[in-house]
Amino acid sequence: MEVNSGRITPLLSDVSERNGKPLSTLKLNAKILRELNLIRYREDSGGVELSELGRFVLDLLKEDYVREPERRAGDPTSRIPLGELTRRIGALRRRVLRMVEEAGSGHLSSSLSSLTIIATLYLAKMRHDPKNPGWELRDRFLLGKGHAAPALYAVLAECGYLPEGELSRLGCLGGLLQGHPEASIPGVDSASGSLGQCLSIANGMALSGKMRGMDYRVYVLLGDGELEEGQVWEAAMSSAKHRLDNLTAIVDRNGLQLTGPTEAVKPLEPLADKWRAFGWKVLEADGEDPRDILLALQEAEAVKGRPTVIIASTVRAGSSSRKGWRRGL
Amino acid sequence: MREDFGKALVTLGMELEELVVLDPDVSTSTRTCYFAERFPDRFLNVGISEQDMIGMAAGLASTGMLPIATGFAVFVVGRGWEQIRNTVARQKLNVKIAVTHSGLSDHGDGPSHQSVEDVALMRAIPNMTVVVPADGPSAAEALRASAYHRGPVYMRLGREGAPRVYLEGAELSLGAANLIREGSDATIIANGIMVSMALEAAELLAEEGLDVRVIDMHTVKPLDLGCLERAARETGAIVTAEEHSVIGGLGGAVSEALAELRPTAMRRIGVGDSFGTSSRTYWELLEAYGLTPKAIADATRSTVGRRI
């Protein structure tokens, strides 16, 4: 390090102290980064900044956010045996495929990435009664990413809210099942389809439960791309303000939106930190594993005094693995 | 007008325990502060976030509460329009949207805060009822009628006090226009603050020997077609008067209806196709935009001359 090394020493000492790393190691690292032209020392203040190349490399690294989450240990409480749940989700997956194929339109991959979460909620977790869709004390579910409607409809039919045959009339003129959820469909707790609105609605429902002394819970499933809508963050502040611990938001973190990776379109990371900064308890889960989803939901239920968000990593069809899209699949 | 509104909210709050008021942090301006003081547990200051407010109101309504979402007309309608359309109206939720500072009434704040398009925007939404009361007492009545009406309602109030039209208490039934002055030569159909001006215009015209009917068309949607058709048939000349753009509001609604029901000689008094502007007083602003009894009287006289 020929010039200015003295200038960044205080900075490195600070980092060293905070992270318990030897100062000499950090100095060596800084030297290497600089030689690789990934960082440069600023002329004025003595700070360090990323070079163009550094920024580019970091962006590449940031795309590695969709990681295999650590699965929880233990056995969740489930209304039905986990084996049966998994089997039914498999059957639902095939049904959703058929529905979208028959309808000739609909967001297939986005429906599939949400399916395990929605099915787990309705089949194994939520308090609800398909014979009495208007039951006041039922848990509520809102599909923020309304374009995953086929998944919701398939699950509602599986529960008995809709006749199975209705599913093959998705999107038909005069049919019950609209392209996006409508309140007139039995079992649908809120219309959606316009992104970014459901967290506000869920807040109203959760608040109403608190005001009226009703112990139902409110679940809202948000798409990760949906988080680009500003209203979500207005609502996130409201949930925290009202300490809505009867509310659980789940983010379907499939990493993709219409035209590409979320991190390329409008980077969301560090996503967990964002929610934490907004006053939420953040949990991460494997959104393709009903067992892990149930354990996370249980954990969320135990949180008092603030809302919880579960960032559920999921797979969008078309990619064979969580990282598949980056391999061009 | 907002004073009467603020007080009426408190009265209704005593009657209806499911009533909650949502406020995007303008309660001292909209006078929902009275409700906040009396019922702190049912008052929600949602912060400066109209979109979130409308969504929250929808959630409250769908779980049995009676939310009244408030704020300034231009911001609640402008920012919250898509939320109102997609979440409230599409599901026919029992949300009341009661706004103040409509029209040019926020004279000092200028065009950013004035609202001359809101009625057009709200009227175009299916399932929506749109009401524009004439004075303080009718604002209180409109609020009551809205609260007891099942479904979404948009109620539009001004910032400033309006001259009293209903001296002995107002009666207001949503969708039923109030015939407030009989007449056979022409009809002035007005709402909001323009109702009192329409009455003054009718007085001016009476001095000239013209017998002019005045209708308070407080509900722009659904429009009272019976009353409108009768006025067209019996007087043959219609003038509308509103503190709103002549595009899409009361004048628009009346024109659309008459074009099909009974083509009639017509004029629309309102804000031309333009934004507002700042002024020191409300009344000088109204005058600058041609919202005066004289302008209404002139338009009526010319319309009588063009009767079909």
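Quick notes on this structure:
- Spatial offset of region B:132-176 relative to region B:40-103 amounts to 18 Å, using the alpha carbon center of each.
- Placing unit charges on the Cβ atoms only, positive for Lys and Arg and negative for Asp and Glu, gives the protein assembly as shown a dipole magnitude near 2000 debye about its Cα centre.
- Accessible area per residue, Å², region A:182-329 with all protein chains present, probe 1.4 Å: 33 Å²
- The helix-based estimate of mean residue ellipticity at 222 nm for chain A, built from -39,500 (n - 2.57) per DSSP H run of four or more residues and divided by its residue count, is -13000 deg cm²/dmol to the nearest 500.
- Interchain or long-range residues, amide H under 5 Å from A:Leu142's placed H: A:Tyr219, A:Val220, A:Leu221
- In region B:24-113, the GluC sites (Glu not before Pro) that fall in loop regions by DSSP, at most 11 other Cβ within 10 Å: none
- Region A:67-149: trypsin sites (Lys or Arg not before Pro) in DSSP coil with no more than 16 other Cβ atoms inside 10 Å: A:Arg67, A:Arg71, A:Arg79, A:Arg127, A:Lys131
- Under 11 Å, Cβ to Cβ, from A:His107 - net charge with Lys/Arg +1 and Asp/Glu -1: +2
- A:Lys21 sits with roughly 110 Å² accessible to a 1.4 Å probe, with DNA, RNA and ligands left out of the calculation.
- Counted by Cβ distance under 13 Å from A:Gly187, the other residues give a net charge of -3, where Lys and Arg count +1 and Asp and Glu count -1.
- Average partner coverage of B:45-53, which counts Cβ from other chains inside 10 Å: 6
- Prolate/oblate/rounded label for region B:178-304 (Cα gyration tensor, a/c 1.5): oblate
- Computed magnitude of the charge dipole of region B:178-304 (debye, nearest 20; Cβ of K, R +1, Cβ of D, E -1): 220 debye
- Positive dipole terminus of chain A, leading residue within A:Ile310, A:Ala191, A:Leu115 (C-beta point charges): A:Ile310
- Basic side chains Lys and Arg get +1 at the Cβ, acidic Asp and Glu get -1 at the Cβ, and with that the dipole of chain A about its Cα centre reaches some 440 debye.
- Distant-in-sequence amide H partners of B:Val271 (H built 1.01 Å from N, under 5 Å): B:His244, B:Ser245, B:Val246
- Acute angle (nearest 10 degrees) that the helix A:149-159 long axis makes with the longest principal axis of chain A, alpha-carbon atoms: 50 degrees
- Long-range HN-HN contacts of B:Thr219 with modeled amide H, under 5 Å: B:Val132, B:Gly175
- Cα gyration tensor shape of region B:2-156, rounded if a/c is under 1.5, else prolate or oblate by comparing a/b with b/c: rounded
- Gaussian network model of chain B, springs between alpha carbon atoms under 10 Å - residue of B:His113, B:His244, B:His218 with greatest fluctuation: B:His113
- Length added when fully stretched, B:Glu229-B:Asp211, from 0.36 nm per residue minus Cα-Cα: 4.7 nm
- Among the GluC sites (Glu not before Pro) within region B:186-283, those in coil by DSSP and having at most 11 neighbouring Cβ atoms inside 10 Å are B:Glu208.
- Legend: residue pairs A:Lys281/A:Lys304; B:Lys96/B:Lys221; B:Lys92/B:Lys221; A:Lys21/A:Lys281; A:Lys21/A:Lys274, Cα-Cα distance threshold 18 Å; pairs beyond threshold, A:Lys21/A:Lys281; A:Lys21/A:Lys274.
- By definition, a body whose alpha carbon gyration tensor gives a ≥ b ≥ c is prolate when a/c is 1.5 or more and a/b is larger than b/c, and the protein assembly as shown fits this prolate description.
- Averaged over A:205-213, number of beta-carbon atoms from partner chains that fall within 10 Å: 5
- Highest-fluctuation residue, B:Gly226, B:Gly55, B:Gly110 considered, GNM on chain B with Cα pairs under 10 Å: B:Gly226
- Between region A:198-230 and region B:277-307, the Cα center-to-center distance that results, in Å: 48 Å
- Most mobile listed residue (B:Ser146, B:Ser279, B:Ser102) in chain B, GNM with C-alpha springs under 10 Å: B:Ser279
- Shielding of A:236-242 by partner chains, average beta-carbon count, 10 Å: 3
- Ordering B:His113, B:Leu205, A:Leu170 by the projection of their Cα atoms onto the charge dipole of the protein assembly as shown, which places +1 on the Cβ of Lys and Arg and -1 on the Cβ of Asp and Glu, puts A:Leu170 at the extreme positive end.
- Measuring only protein heavy atoms, the 1.4 Å probe finds B:Tyr289 accessible over about 50 Å².
- The local environment of A:Glu166, defined by Cβ-Cβ distances under 15 Å, has a net charge of -1 under the rule Lys, Arg +1 and Asp, Glu -1.
The values are calculated or read from the model by the stated rules, or taken from the named source; none is laboratory data. Quick caveat, the model's predicted, so the values are computed rather than measured. Virtual Cβ from ideal backbone geometry, glycine too; neighbours counted across all protein chains shown. All accessible areas refer to the heavy atoms of the entire protein, side chains included, with ligands and DNA or RNA removed. Shrake-Rupley method; radii C 1.70, N 1.55, O 1.52, S 1.80 Å.
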